[in-house]
Amino acid sequence: MADGAVIDSPPEADSPGPEISGELLAACVHCGFCVPVCPTWDILREENDSPRGRLYLMRAEADGRVDPQGAFAVHIGRCLGCRACESVCPAGVEYGHLLEQARARIPPRPEARRRERWLLAALTDPRPARITYAVARFIRASGLAAGLGRRLPGTVGRMLRLLAATRPTPALERPPAEPGADTTDPESGDGESYVLLEGCVMDGLFGHVHTAARRTLAMAGYREIRAPGQACCGALHAHAGLLVQARAMARANIEAFERADCDWIVTDSAGCGAGLKDYPAWLADEPEWKERAEAIASRVRDVTEILATAMKTSGDSARFPGGATTLQGRVGYDAPCHLHHGQRIQSEPLEILRSVRGLEVEELPSADRCCGGAGLYSLAHPDLAIAVRAPKLAEAQQGAYDWIATGNPGCIMYIGAGLLWSGDRTPVVHPIELVDRAWS
Ligand code: SF4
Ligand code: SF4
């Protein structure tokens, strides 16, 4: 975010959002197919904590039959936003968009809003975020995050463990290239061009994942174009119901990507990719911006998606040196919800991992279920998040994997934090880090 756009909060950001779309709500036929796949229903066994129950609440709020501050706020607030309900819905209910609209209807309690504003600004506003991430990287490098995180309970311990889980894995660092042997300059070459969404948390704490993405894309023949003026994607704001700020970030990014004039916009964060692809829905009431958002969204690709597609369509196996692997071991793959359900990208991460001959790749049995991280959810609802995560941690430990791989920063952090707390040292990494190391 070194040159990221600064988005000031307009005064209307504190007003309740527009009414929940009756048209989107009308799609639900109340069949209940979505209920058993919902992690919060699975734990709480309460209809209002299922997708169908939440949709009933949204309808009641839209009709003025419930107060948005009472049970509505509680049950809508407990939703993970994992969108597993969308994947099984036979009626095509756009639950994710409805959830964002519903959250925007909840009047913020002043104290909660202040806390949320402070946290979001610290993570996503380029000026304070620069300091936040510099301090965080220092704490991480000093070993304090892992050392204290293993011992401290409570919120501070939770935050330290999340931070510790962002550390680069030493075994995946590439050996230094021989002088003159590095052919992976991301900005050289004459292949198709791309802009990498730099993002906020990804840029601040996952620079090693960005580096791996850039190197593998360069080896696959893509050429990077820088896009100054990028902002945070806005997904964290949209999930919190702060749609005014999310839209401002979307407009800043659309302008930056249009100026860059690239073939593709690539992300290495599932949550950000889903956010970028949702820009047309966020800007649905602004026809000119919606059209521009659609043009951008049609060119957004997850890094695993663009590489898997290139592997399938390229006859030139030299571009994809999977056979010349320097990496051996067992990988347990967990699918980020915003990749698997939000973008329906399901086979591609497995395809690129399995292209590396030395890797034995398995999906975790609960790979398509939420890990409980869900953006800032694990800090707002720690007990529920821990209960959602528990089966996945057990699977990760029973599998005796060398790595757990998942393509979203929040999932890397939350699964990694859980393993650290339980004394398990299995690294949780992005799939592209494994591919990058194997191709070196
Ligand atoms: S959201 Fe879809 S699956 Fe769930 S009750 Fe409504 S129509 Fe059925
Ligand atoms: S988004 Fe996830 S947690 Fe929320 S209702 Fe749907 S399945 Fe349940």
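The values are calculated or read from the model by the stated rules, or taken from the named source; none is laboratory data. Since this is a predicted model, take the numbers as computed values, not measurements. We place every Cβ from the backbone using ideal geometry, glycine too, and count neighbours over all the protein chains shown. The protein model used for the area step is the full one, side chains on, heavy atoms only, and it has no ligands, DNA or RNA in it. Shrake-Rupley method; radii C 1.70, N 1.55, O 1.52, S 1.80 Å.
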Gyration tensor on Cα atoms of the stretch 255-393, a ≥ b ≥ c root eigenvalues, a/c under 1.5 rounded, else prolate if a/b beats b/c, else oblate, says oblate
If you put +1 on each Lys and Arg Cβ and -1 on each Asp and Glu Cβ, how big is the dipole of the stretch 17-105 around its Cα centre, in Debye rounded to 20? 120
Relative to the longest principal axis of the C-alpha atoms of the chain, give the angle of the C-alpha long axis of helix 409-421, reported between 0 and 90° and rounded to the nearest 10°. 80
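Could you rank Trp421, Trp41 by how accessible they are, 1.4 Å probe, largest area first?
Details: Trp421 115, Trp41 50 Å².
Descending order: Trp421, Trp41.
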Over the chain, what percent of the accessible surface lies on carbon and sulfur atoms, probe 1.4 Å? 53
The relative contact order of the chain, taking Cα pairs under 8 Å that sit 6 or more residues apart, comes to a percentage of 18
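Just reorder Cys31, Cys82 by solvent-accessible area, largest first, 1.4 Å probe, all chains present.
Numbers: Cys31 65, Cys82 15 Å².
So, going from the largest accessible area down, we get Cys31, Cys82.
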Can you tell me the orientation of helix 126-142 relative to the chain, as the angle in degrees between its alpha-carbon axis and the longest Cα principal axis, to the nearest 10? 60
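In nm², what is the average projected area of the convex hull enclosing the Cα atoms of the stretch 177-305? Show your work: numbers first, answer last.
On the way: hull surface 32.1 nm².
Convex hull of Cα atoms, orientation-averaged projection: 8.0 nm².
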Per DSSP helix of 4 or more residues, -39500 (n - 2.57); summed, then divided by the residues of the chain. What does that give at 222 nm, rounded to the nearest 500? -14500 deg cm²/dmol
Does the stretch 17-105 come out rounded, prolate or oblate by the C-alpha gyration tensor, with a ≥ b ≥ c the root eigenvalues, rounded set by a/c under 1.5 and, if not, prolate when a/b is larger than b/c and oblate if not? oblate
Taking only Cα atoms, what is the 0 to 90° angle, nearest 10, from helix 110-124's long axis to the longest principal axis of the chain? 20
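Quick check for you: with a 1.4 Å probe and neighbouring chains kept, what is the accessible area per residue of the chain, in Å²? Could you put the intermediate results ahead of the total?
On the way: 18490 Å² over 440 residues.
I get 42 Å² per residue for the chain.
From the Cα gyration tensor of the stretch 322-439, with a ≥ b ≥ c the square roots of its eigenvalues, which class applies: rounded if a/c is under 1.5, or else prolate if a/b is larger than b/c, or else oblate? Display every interim value, and only then the final one.
On the way: a/c = 2.17, a/b = 1.56, b/c = 1.39.
It comes out prolate by the Cα gyration axes.
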Give me the aspartates and glutamates in straight-line cross-link reach of Lys312: C-alpha distance below 12 Å, same-chain residues under 8 apart excluded. Glu348, Glu351
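Can you give the Kirkwood hydrodynamic radius for the chain, in Å, rounded to one decimal and based on Cα pairs? Working shown, then result.
On the way: mean 1/r = 0.0450 Å⁻¹.
Answer for the chain: a Kirkwood hydrodynamic radius of 22.2 Å.
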In nm, what is the difference between 0.36 nm times the number of residues separating Ala295 and Ala394 and their Cα-Cα distance? 31.4 nm
Virtual spin-label span in nm between Arg130 and Arg344, 7 Å along Cα→Cβ: 4.2
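Is there a quick way to get the dipole size of the stretch 322-439? I mean about its Cα centre, with the Cβ of Lys and Arg at +1 and of Asp and Glu at -1; what is the value in debye to the nearest 20?
Values: 9 positive and 13 negative charges, 13 e Å.
The dipole of the stretch 322-439 has a size of about 60 debye.
As an exercise, use a Förster radius of 30 Å and the Cβ-Cβ distance of Ser193 and Glu288 to find the FRET efficiency, rounded to the nearest 0.05.
On the way: r = 25 Å, r/R0 = 0.85.
The pair Ser193/Glu288 has a calculated efficiency of 0.75.
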Gained length - Ala26 relative to Phe138, 0.36 nm times residue gap less alpha-carbon distance: 35.3 nm
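With r as the distance between the Cβ atoms of Lys312 and Arg226 and R0 = 41 Å, compute the FRET efficiency 1/(1 + (r/R0)^6) and round to 0.05. Could you put the intermediate results ahead of the total?
Numbers: r = 28 Å, r/R0 = 0.69.
E(calc), rounded to 0.05, equals 0.90.
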